[in-house]
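Each remark here refers to the structure printed beneath this line.
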Amino acid sequence: MNKKLSILIVFLFVATLIGCKEENNKKSYLPESIGAINNLTVVIENDLWNGDVGDKIRQHFAAPVVGLPWDEPLFNITNVPASVFTGALRNTRAVLYVQKDTLNIAHIKTDLYATPQKIGVIKGHNVEEIVANIDKKATEIIAAFKEQEIAEAQKRFLRSLNQEKALENQFNIGLNIPSMYKVGRETDNFVWIDHQIPKGTVNIIAYSMPASSFKTDSTLVKDIVKMRDSIGAKYIPGPDVEGKITHMRTEPAFSPNIFPAEINGMKAIEVRGIWDIKNYPMAGPFITYIIDDVKNNRKLVLEGFTFAPATEKRDYMFQLEAILKTLKINVKKDSK
């Protein structure tokens, strides 16, 4: 290798190191992102917002959340033109940037102006291309926004955590639960934790099922409903009504929605639907995770449900989802 080539290689190596260092320094100086959970800033000109492009954005990003009693949007949207997207507004955690441009692209940028931050970028030569790009990329962008919002909610939990040991004692698991939640009932293979809110309660329950449960896809929904209703009848009574049996059950008029999921690296089933009280006018949304805990030879069931009459419930259910997704299976104390 000649001397000139050696010098060039060294130069390129040093330049790469300096570039990486500058990039890392840039990220370290980014301000902390701002915004309420599930708020989305859409940067778009008014003529696009008030036409087909705006309709397509609302169709995807303000779609109703699955499993709520009435329609509530995925995100609370604030739209601003590009000329206004300056200063502190650029530090918004979730941004959708939509523009008519010479480029025809759709992608996601991370930590551009602040951290953590996701910016979905949608551009096209004309309205038709922009609409097509929204359709093509919306699912991916929404997933990125939601993952970020879950992480942000979980980070906020760490400010003050519940220190009770009921979940550890019963199931050898841990959840990052805010301290405002308190254990209301603990018995063999069942824990109920709740938080009082102005017009009701937000609740978490946990129990386990045999590992062999839910093996048949053709009866999966029926088996899940049967499980939930049996737990409700045994552990979650309704108000006393003379001559009536009252307890929580799956609302019989609405079949729950089921999705594949993963919790802490374990395969799971996500169930969203409506609960009610048999023989009594009470109801609300629930989210259930049935986790295939192979190491412990069981199905671990974690559920969150809300009772908040005449109140919007999206944010309560989102908080419950974020809590349940902090699941950690503890190492057994007698393990080597």
Quiz item: Condition test on A206, is it more than 22 Å from the chain's Cα centre (by Cα) and touching a residue at least 40 places away in the same chain (Cβ under 8 Å)?
Solution: no
Quiz item: Among the residues of segment 224-255, how many are more than 14 Å from W275 (Cα to Cα) and surrounded by fewer than 17 Cβ atoms within 10 Å (Cβ to Cβ)?
Solution: 8
Exercise. Keeping to segment 269-291, report how many residues are open to solvent by 10 Å² or more (accessible area, probe 1.4 Å) and either in contact (Cβ under 8 Å) with a residue 40 or more places away in the chain or under 17 Å from S255 (Cβ atoms) (or both).
Key: 10
Quiz item: Taking the stated definitions as given, is D223 within 22 Å of N257 (Cα to Cα) and either under 23 Å from the mean Cα position of the chain (by Cα) or not small (G, A, S) (or both)?
Solution: yes
Quiz prompt | One residue from A114, A94 being open to solvent by less than 60 Å² (accessible area, probe 1.4 Å), in contact with a strand residue (DSSP E or B) (Cβ under 6 Å, 6 or more places away or on another chain) and hydrophobic (A, V, I, L, M, F, W, C) | solution = A94
Practice problem: Please state which of the following conditions I142 fails to meet, knowing it meets all the rest: (1) assigned to a helix (DSSP H, G or I); (2) in contact with a strand residue (DSSP E or B) (Cβ under 8 Å, 6 or more places away or on another chain); (3) open to solvent by less than 70 Å² (accessible area, probe 1.4 Å); (4) not basic (K, R). | Solution: (2)
Self-check item: Residue that is surrounded by 15 or more Cβ atoms within 10 Å (Cβ to Cβ) and without any contact (Cβ under 8 Å) to a residue 40 or more places away in the chain, where the choices are K109, K123, K100
Solution: K123
Exercise. Being in contact with a Gly (Cβ under 7 Å, 6 or more places away or on another chain), open to solvent by 40 Å² or more (accessible area, probe 1.4 Å) and in a strand (DSSP E or B) is the filter here, so list the residues in segment 147-193 that pass it.
Key: W192
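The values are calculated or read from the model by the stated rules, or taken from the named source; none is laboratory data. These numbers were taken from a predicted model, which means no experiment stands behind them. For neighbour counting, all protein chains shown are included, and Cβ atoms are generated from backbone atoms with ideal geometry for every residue, glycine included. For accessibility, only protein heavy atoms count, side chains too; no ligands or nucleic acids. Shrake-Rupley method; radii C 1.70, N 1.55, O 1.52, S 1.80 Å.
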